[in-house]
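As structure tokens, the structure follows; a few thoughts come after it.
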Amino acid sequence: MEIRVGEQRVDLSSPVVMAIVNVTPDSFFAGSRRRSEDEILRYVESALSEGATILDVGGYSSRPGADDVDSEEEWRRVSVGLRVIRNHFPQAVVSIDTFRASVAQKAVSEFGPCIINDISAGDLDAQIVEVVAKNDLPYVAMHMRGCPQDMQQYAEYDDIVSDVRHFFEQKLRWLCSCDVRQPIIDPGFGFAKDLGQNYRLLAGLDQLCAMGYPVLAGLSRKSMVYKLLDVTPDDALTGTTALHWECLRQGASILRVHDVHEAVQTVRIFEYYQSVNK
């Protein structure tokens with residue numbers, strides 16, 4: 001299993017770690033907010049040295065109830081992060097966390113090929129898939145209902161695993177018809193899902209992995225960890241690591257994380273565990 005980002009190749013036959021590069025002032029985990037070029041540079045340098053394979057740059061906070069940000073401000077933030085990465089680490093594999101076609105197009109035009117990581121799977125701006133198809137980019141399609149401002153109003157399902165799988169069956173057919181050739185599935189932990197639904201979805205993650213596409217798991221320090229443990233996101237690393245192991249066990253290809261060092265160690269232990277128990 002492999003994705004192509006321009007001339008670069010990312011081997012997904014073993015799980016890889018995607019480092020979250022937040023360039024927002026209001027992401028849910030305050031410890032991940034990096035706005036100045038120096039802060040971004042220090043974090044990116046650390047993430048790459050600790051073993052991150054992909055850098056995911058986001059300028060729009062998608063936490064529940066987050067304020068909306070217009071496309072100009074989102075691009076201003078994202079471009080700062082991309083400029084730092086391209087100036088200092090030109091060979092790094094970059095992902096853009098955006099649902100807007102205009103932001104995706106500017107990123108590709110000014111900074112080269114990248115992964116597009118879309119929390120709405122094209123539902124908020126369908127033209128984003130045109131950018132993806134035209135440039136043959138990997139495309140992360142995430143399950144969400146509504147938008148970040150109102151998504152928790154839509155957390156009603158007959159069966160969370162079956163409903164999310166059905167969503168992806170339909171979405172993948174649409175993406176194929178749009179000539180998107182490198183889809184990646186993200187079940188959308190925390191997006192339009194309550195605590196119990198998140199854990200039921202996690203228990204059925206193998207059903208999404210069995211669809212034959214790379215699966216990205218993004219649950220780092222999220223409310224499904226810190227609300228259950230009655231702690232803050234600052235104290236949710238241990239719980240996150242436990243859930244990362246479960247994601248790997250069920251077949252996730254990419255872990256999207258705040259804490260690269262710990263995630264890379266988890267992958268390394270899991271890979272060794274697998275190798276001696278074949």
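The values are calculated or read from the model by the stated rules, or taken from the named source; none is laboratory data. Fair warning: this is a prediction, and the values are worked out from it, not measured in the lab. Every residue, glycine among them, receives a Cβ derived from its backbone with ideal geometry; neighbour counts consider all protein chains shown. Heavy atoms of the whole protein, side chains included, go into the accessibility calculation; ligands, DNA and RNA do not. Shrake-Rupley method; radii C 1.70, N 1.55, O 1.52, S 1.80 Å.
Condition first: open to solvent by 10 Å² or more (accessible area, probe 1.4 Å) and at pLDDT 95 or above. Now tell me which residues in the range 228-245 satisfy that.
Looking only at the range 228-245, we keep the residues that are open to solvent by 10 Å² or more (accessible area, probe 1.4 Å), and these are 228-235, 237-239, 241-243, 245.
Hits for the range 228-245 are LEU228, LEU229, ASP230, VAL231, ASP235, LEU237, THR238, GLY239, THR241, ALA242, LEU243, TRP245.
Restricting to the range 169-192, and then to whatever is touching a helix residue (DSSP H, G or I) at 6+ places or on another chain (Cβ under 7 Å) and among the aromatic types (Phe, Trp, Tyr), can you tell me which residue is modelled with the lowest pLDDT?
Narrowing the range 169-192 to residues touching a helix residue (DSSP H, G or I) at 6+ places or on another chain (Cβ under 7 Å): 175, 178-180, 183, 185, 187, 189-192.
Adding the requirement that they be among the aromatic types (Phe, Trp, Tyr) leaves 189, 191.
Working: PHE189: 97, PHE191: 92.
Within the range 169-192, the match that is modelled with the lowest pLDDT is PHE191.
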Checking PRO113 against (1) open to solvent by 50 Å² or more (accessible area, probe 1.4 Å); (2) touching a residue at least 40 places away in the same chain (Cβ under 8 Å); (3) farther than 24 Å from VAL215 by Cβ, the condition it does not meet = (3)
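Checking the conditions here, which among PHE191, PHE99, PHE89 is over 22 Å from GLU73 (Cα atoms) and within 19 Å of the chain's Cα centre (by Cα)? It would help to see each step written out before you state the result.
Values: PHE99 fails: over 22 Å from GLU73 (Cα atoms); PHE89 fails: within 19 Å of the chain's Cα centre (by Cα).
That would be PHE191, the only listed residue that is over 22 Å from GLU73 (Cα atoms) and within 19 Å of the chain's Cα centre (by Cα).
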inquiry  = I'd like the full set of residues that are open to solvent by 40 Å² or more (accessible area, probe 1.4 Å), modelled with pLDDT of 95 or more, more than 18 Å from TRP75 (Cα to Cα) and not in a helix (DSSP H, G or I), limited to the range 127-152.
reply    = ASP136
key: THR53, sole failed condition from (1) open to solvent by less than 30 Å² (accessible area, probe 1.4 Å); (2) within 16 Å of the chain's Cα centre (by Cα); (3) closer than 19 Å to LEU216 by Cα   = (1)
message = Of all residues being closer than 19 Å to GLU156 by Cα and buried (at least 17 other Cβ atoms within 10 Å of the Cβ) in the range 200-218, which is farthest from the chain's Cα centre (by Cα)? Just the residue, please.
response = GLY204
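So which of ARG268, ARG256 is at pLDDT 95 or above, of a type in the set (Lys, Arg) and buried (at least 22 other Cβ atoms within 10 Å of the Cβ)?
Numbers: ARG268 fails: buried (at least 22 other Cβ atoms within 10 Å of the Cβ).
Exactly one of ARG268, ARG256 is at pLDDT 95 or above, of a type in the set (Lys, Arg) and buried (at least 22 other Cβ atoms within 10 Å of the Cβ), namely ARG256.
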request  = For the range 242-251, indicate whether the set of residues that are under 16 Å from PHE270 (Cβ atoms) and outside any helix (DSSP H, G or I) is non-empty.
outcome  = yes
query = Cβ-Cβ below 7 Å, separation at least six or inter-chain, first residue in the range 1-14 and touching a residue at least 60 places away in the same chain (Cβ under 8 Å), second outside any strand (DSSP E or B) and charged (D, E, K, R): which pairs?
reply = SER14/GLU271
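Out of the residues in the range 181-199 that are on the phi < 0 side of the Ramachandran plot and aliphatic (A, V, I, L, M), state the one that is most open to solvent (accessible area, probe 1.4 Å). Walk me through how you get there before you give the answer.
Looking only at the range 181-199, we keep the residues that are on the phi < 0 side of the Ramachandran plot, and these are 181-187, 189, 191, 193-199.
Applying the additional criterion that residues be aliphatic (A, V, I, L, M) yields 184-185, 195.
On the way: ILE184: 3, ILE185: 2, LEU195: 73 Å².
Ranking the candidates gives LEU195 first.
Scanning the range 67-91 for residues that are part of a loop (DSSP other than H, G, I, E, B) and out of contact with any Ser or Thr (no Cβ under 9 Å at 6 or more places or on another chain), which turns out most open to solvent (accessible area, probe 1.4 Å)?
In the first step, residues of the range 67-91 are kept if they are part of a loop (DSSP other than H, G, I, E, B); the result is 67-70, 89-91.
Still in the list and also out of contact with any Ser or Thr (no Cβ under 9 Å at 6 or more places or on another chain): 68, 70, 89-91.
Numbers: ASP68: 103, ASP70: 85, PHE89: 49, PRO90: 77, GLN91: 142 Å².
This residue is GLN91.
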